[in-house]
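Student: I have a structure I would like to understand better, so I am pasting it below and will then ask my questions one at a time.
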Amino acid sequence: MASSTTNARDLEQIVRDGLSSLVFAFGHKTGIVDAFTEIQQPCTAEELSQKAGKKLRYTQEWLGCMVAAGIVTITDDEKYSLPHDKTQIKTWGHIATAIPILGDIIPKLDKAATLGGPKGFTYQEPYLHWLNGFRSPEALQEWNQELLVPVVNLKSGDEFVILDIGCGFGKHSREVANLYPRSKIYAIDMEQVSIDNAKKELAEDGLQNIEYLCMRGGQLPEEWADKFDFVIINDVLHDSYEVDEILEGVKKVLKPDGFAAAFDPAVSSYHKKIFKDATAQFYLPYSLFSCLPVSSMGPNEGLGIGWGYERRKQKIEEHGFRVVQVGEKDVNTIQEGIVFQK
């Protein structure tokens, strides 16, 4: 008899928590949460209402929701506190604002999921803007130190030619350009809205060692053959409907002694391995609403984050690349990065 997972979570509580997250997102989006972090705590509903510039009755109802959820605490004399670290409040407040954005995508997702419906749909601009706001400079700097620097350290020196495939609004590529000022960064994305935003931000930053280009990762120019020391493919492969073309392009443009690094959420390809897995629980909903539909736009079956580490590694190896261990984690351990050479 086949075994099964047990002890499923309380469905009622999951839905209640989802509703509370939506209310918290409203407070973050409209300035109530910011006002709460700035005001002397504990405070009265009237004081918070004045600080946030919101009507008292709506402030009271918002506080009621948050007290019921255990997010806000209340004293015996009905004064309120938001007892959480400000950085965590800011981070998770912004993440919660994805909920209404994803909710607006439901009609498109319903059509794409229906038999006989469209294969998928392209990136939705509100989601792209949300994603850009999610990646703070501080978070990107920490990510670079943890994941990118060990890859770049595989080669000696500090003067490289680097390709960033799928750069989005360009925040990460600008951090890479700052981190390696003697290197030249080429950052590409298939979405013109992303490149337009990236170029606008670049003009304000004044960086001289980075160039943004609107270009498909699967259509890299012939003149780039053997050009790059490093190719960064960050949060791209699981979103793409041209993975084979991207990997063939990487093989073409990578120097013989160069390294490519594909970073995607550390989620297993197999559902039996993700039961009550926090990483999968966090990332797979974004995949359902965005990554899977976008990756379904081509001739092949869509991938999404559920494609997973094991199948992604297998695909890279099928293209003749050798996967390289960086750090202490064995390459067969589910992780965010896959580093490889041709």
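Student: Tell me which residues, restricted to the range 120-164, are closer than 28 Å to S295 by Cα and in a loop (DSSP other than H, G, I, E, B).
Tutor: G120, F121, T122, Y123, Q124, R135, S136, listed by residue number.
Student: Condition check: out of contact with any His (no Cβ under 6 Å at 6 or more places or on another chain) and open to solvent by less than 50 Å² (accessible area, probe 1.4 Å). Does F36 satisfy that? Working first, answer last.
Tutor: Numbers: out of contact with any His (no Cβ under 6 Å at 6 or more places or on another chain): yes; open to solvent by less than 50 Å² (accessible area, probe 1.4 Å): yes.
Considered against the rule, which asks whether it is out of contact with any His (no Cβ under 6 Å at 6 or more places or on another chain) and open to solvent by less than 50 Å² (accessible area, probe 1.4 Å), F36 comes out as yes.
Student: Now, a different point. Mind checking whether some residue in the range 219-239 is farther than 20 Å from N178 by Cβ and of a type in the set (F, W, Y)?
Tutor: Yes, the range 219-239 has at least one match.
Student: Considering only the range 107-130, I want to know if a residue exists there that is hydroxyl-bearing (S, T, Y), at pLDDT 90 or above and out of contact with any helix residue (DSSP H, G or I) (no Cβ under 7 Å at 6 or more places or on another chain).
Tutor: Yes, the range 107-130 has at least one match.
Student: With a cut-off of at least 1 residues that are open to solvent by less than 20 Å² (accessible area, probe 1.4 Å), among the aliphatic types (A, V, I, L, M) and over 30 Å from K119 (Cα atoms), name the helices (runs of 4 or more DSSP H) lying wholly within the range 165-263. Lay out the reasoning, then the answer.
Tutor: Details: elements: 171-179, 192-205, 243-253.
So the answer is 171-179, 243-253.
Student: Something else about it: Taking only pairs six or more apart or across chains, which ones have beta-carbon atoms under 8 Å, a first residue in the range 44-57 that is among the hydroxyl-bearing types (S, T, Y), and a second residue that is outside any helix (DSSP H, G or I)?
Tutor: Hits for this filter: T44/E78; T44/K79; T44/Y80; S49/K55.
Student: Can you spot a residue in the range 253-263 that is among the β-branched types (V, I, T) and without any contact (Cβ under 8 Å) to a residue 60 or more places away in the chain?
Tutor: Pass one, the range 253-263, residues among the β-branched types (V, I, T): 253.
Now narrow it down to the ones that are without any contact (Cβ under 8 Å) to a residue 60 or more places away in the chain: none.
Checked the range 253-263: no residue is among the β-branched types (V, I, T) and without any contact (Cβ under 8 Å) to a residue 60 or more places away in the chain.
Student: So, one more: Give, as residue ranges, the helices (runs of 4 or more DSSP H) completely inside the range 275-330 that count at least 1 residues that are farther than 25 Å from K252 by Cβ, aromatic (F, W, Y) and open to solvent by 30 Å² or more (accessible area, probe 1.4 Å). Outline the logic, then answer.
Tutor: Values: elements: 278-286, 292-295, 308-318.
Passing ranges, in order: 278-286.
Student: Being within 19 Å of T333 (Cβ to Cβ) and either of a type in the set (A, V, I, L, M, F, W, C) or in contact with a strand residue (DSSP E or B) (Cβ under 9 Å, 6 or more places away or on another chain) (or both) is the filter here, so list the residues in the range 297-317 that pass it.
Tutor: I305, W307, Y309, R312, K313, I316, E317, listed by residue number.
Student: Got a sec? Which helices (runs of 4 or more DSSP H) wholly within the range 1-93 have at least 3 residues that are in contact with a Lys or Arg (Cβ under 8 Å, 6 or more places away or on another chain) and at pLDDT 95 or above?
Tutor: On the way: elements: 11-30, 32-38, 45-52, 56-69.
Qualifying helices (runs of 4 or more DSSP H): 32-38.
The values are calculated or read from the model by the stated rules, or taken from the named source; none is laboratory data. Predicted model, so just to flag it, every value in this text is computed and none were measured. Cβ: placed from backbone, ideal geometry, glycine included. Neighbour counts: every protein chain shown. These area figures cover heavy atoms from the full protein model, side chains too; ligands, DNA and RNA do not enter into them. Shrake-Rupley method; radii C 1.70, N 1.55, O 1.52, S 1.80 Å.
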